[in-house]
Amino acid sequence: MAEGRVYNFSAGPSAMPLEVLEEVQREMVNYKGSGMSVMEMSHRSKEFMAIAAEAEKNLRDIFAVPSDYKVLMMQGGATLQFSSIPLNMLGSKTKADYLVTGQWGEKAHKECNKYGTGQLACNTKSTKFTTIPPKSEWKLDAEAAYVHYCANETVNGVEFSYTPEVGEVPLVADMSSNFCSKPIEVSKHAFIYAGIQKNLGPAGMSVGFLRPDFADGSKESKICPTYCSFKTTGDNGSMYNTPACFTLYVMGEYLKYTKKVGGLAYWAEMSDKKSNLLYGTIDGSSGFYNCPVEKSARSRMNVPFTINGGDEAMEKKFLDEAKKHKLYTLAGHRSVGGCRASLYNGLPLEGVAKLTDFMKSFMDENRKSFTGAVVDNAAVCALPRRTGRTTLRAGTKLSEGPFIETETYPKEMEMSASVPFLRYPQVLKGWVGEEKGFDPLGVTDALPVYWVREAELKHGRVCMLATVGWIATDMGFRFPGDKFQAVSNAFEVNRDAGDFFVGKNFLPKEPAKEKDMRLKELGTAVYSLQTELRLPRLPRWM
């Protein structure tokens, strides 16, 4: 790493390869002997026309763009395309399907509704955008003008690992935050667009690959501004007006570098290495770090995570200390909080290694356990923070010692099978009945599951014995022994709860004495059962 530079985990504009920056630096004031900077020259000059032509050729070569597709280089970034797409692609159908798996897909859908009807083929907002549902759950309309999806959600850290199959309906993809990170199937799409400020250059423009049937203007809305017209942009070689010249030039240098290092296959390999290293550290932290995204939908580019169950003070401390190790821009998006590491092409593998080393040392220094206090041969565990659940690890049996240790684990977004509108209580993992995830009152948020399950089993057994005993007695069944033959049943004496041997008419009239008698009867009944059946004494805490 060059002297004075830091490891920049920004989500965009993002880190760029040092070699590209150094080449731009060398040509900053005098581009290839022209006597001027690219920022100063006319976009119609032969020098700049050559820059633009080479950039388009390299885009076609690197991404294997079909020869009949148009390559568009447009100002305004990807957000401008949220409007341009319905204005150029809705045509007479007036409706389109949107697969909304994050905030950028949500914004694109909202923009479509200004010009037509954006239909929600799927919407994962209820999971806080942490998953991608299977195709069987999508509600696709065969008559839609197109199906739009965001290939990688920068804010939420969700990525499609495949190209969605949508039948004959044209497919549109926002690939802004994973563009140039892996090979893509251009021919399966009617339109691919991407802001280049993540993986291919500085901010200021977007790149598009457009199928020819949408490049002829036949589906363009009458109210489409000239600046947003796909036909106008394509027919004029992306130079209807002055383009973002310097941005386009830097993108061209990035494309040259991409060819030099091995193309998209190289970036795909590096992306896998970096993301696997970081996710491995998170998953191996026993819950100190947590990524809320379902594993099958995790992004290779943007990794959101929380610390210690979402402890904001701890996360602030993490961000402050990370800067001392030259690890910058790790704060999560302002709308979701937490932390986020963006692993774009320009961030070297050594930067991710530095980050994971720091994460491990920070965890070792800041992990805290909850310990308990002694109460009658049991332990009352300190309650975990409300943002987390607990899992209990008993270092010794309760009968041998009072110490119980718990650790906080952040809530996952998996939903309960028994109560599908509630989250699955992760602390039930490993216990009998875990597959249903039944804890609607959140009892295991406050009490160790070990206690809850033991109490459930013991109380259940007592209730079953009591119920069987009541039914058996009323049906005339008796244990051997003279004292049991005198027990009345419901058909013989008007009795209620607590009238085990003498019947209601023999109870004292004063309330206090009646209560005392009932308690004595209960104790006598339990003692008699133990004596006759030679049962072990019940623990004193039962």
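Just a few scattered comments:
- Efficiency of FRET from Cβ geometry, His325 and Ser34, R₀ 56 Å, rounded to 0.05: 0.85
- Thr163-Asp357 FRET efficiency (beta carbon distance; Förster radius 45 Å; 0.05 resolution): 0.80
- Multiplying the residue separation of Thr242 and Ala313 by 0.36 nm and removing their Cα-Cα distance gives an extension gain of 20.8 nm.
- Modelled spin labels at Lys125 and Asp216, positioned 7 Å past Cα toward Cβ, are 3.8 nm from each other.
- Average Cα contact separation per residue, region 105-222, under 8 Å, 6 or more apart, as relative contact order %: 16
- R0 of 41 Å, Cβ-Cβ distance Asn276-His459: FRET efficiency to nearest 0.05: 0.30
- Solvent-accessible ranking of Tyr115, Tyr227, largest area first, probe 1.4 Å: Tyr227, Tyr115
- 11 Å reach of a label modelled at Ala268, 7 Å along Cα-to-Cβ, counting backbone N of region 169-191: 181-185
- Within region 32-68, the GluC sites (Glu not before Pro) that combine a DSSP coil assignment with at most 13 other C-beta atoms in a 10 angstrom radius are Glu40.
- Segments 102-109, 299-306 sorted - mean Cβ within 10 Å per residue, highest first: 299-306, 102-109
- With all protein chains in place and ligands, DNA and RNA left out, the 1.4 Å accessible area ranks Ile223, Ile184 as Ile223, Ile184, largest first.
- Distance from region 120-198 to region 228-273 (C-alpha centre basis), Å: 21
- Tyr289 long-range amide H proximity, modeled H, under 5 Å: Asn308
The values are calculated or read from the model by the stated rules, or taken from the named source; none is laboratory data. All of these numbers come straight from a predicted model, not from anything done at the bench. Note that each Cβ is placed from the backbone with ideal geometry, even for glycine, and that neighbours are counted across all protein chains shown. Side chains included, ligands, DNA and RNA excluded: accessible areas come from the protein's heavy atoms. Shrake-Rupley method; radii C 1.70, N 1.55, O 1.52, S 1.80 Å.
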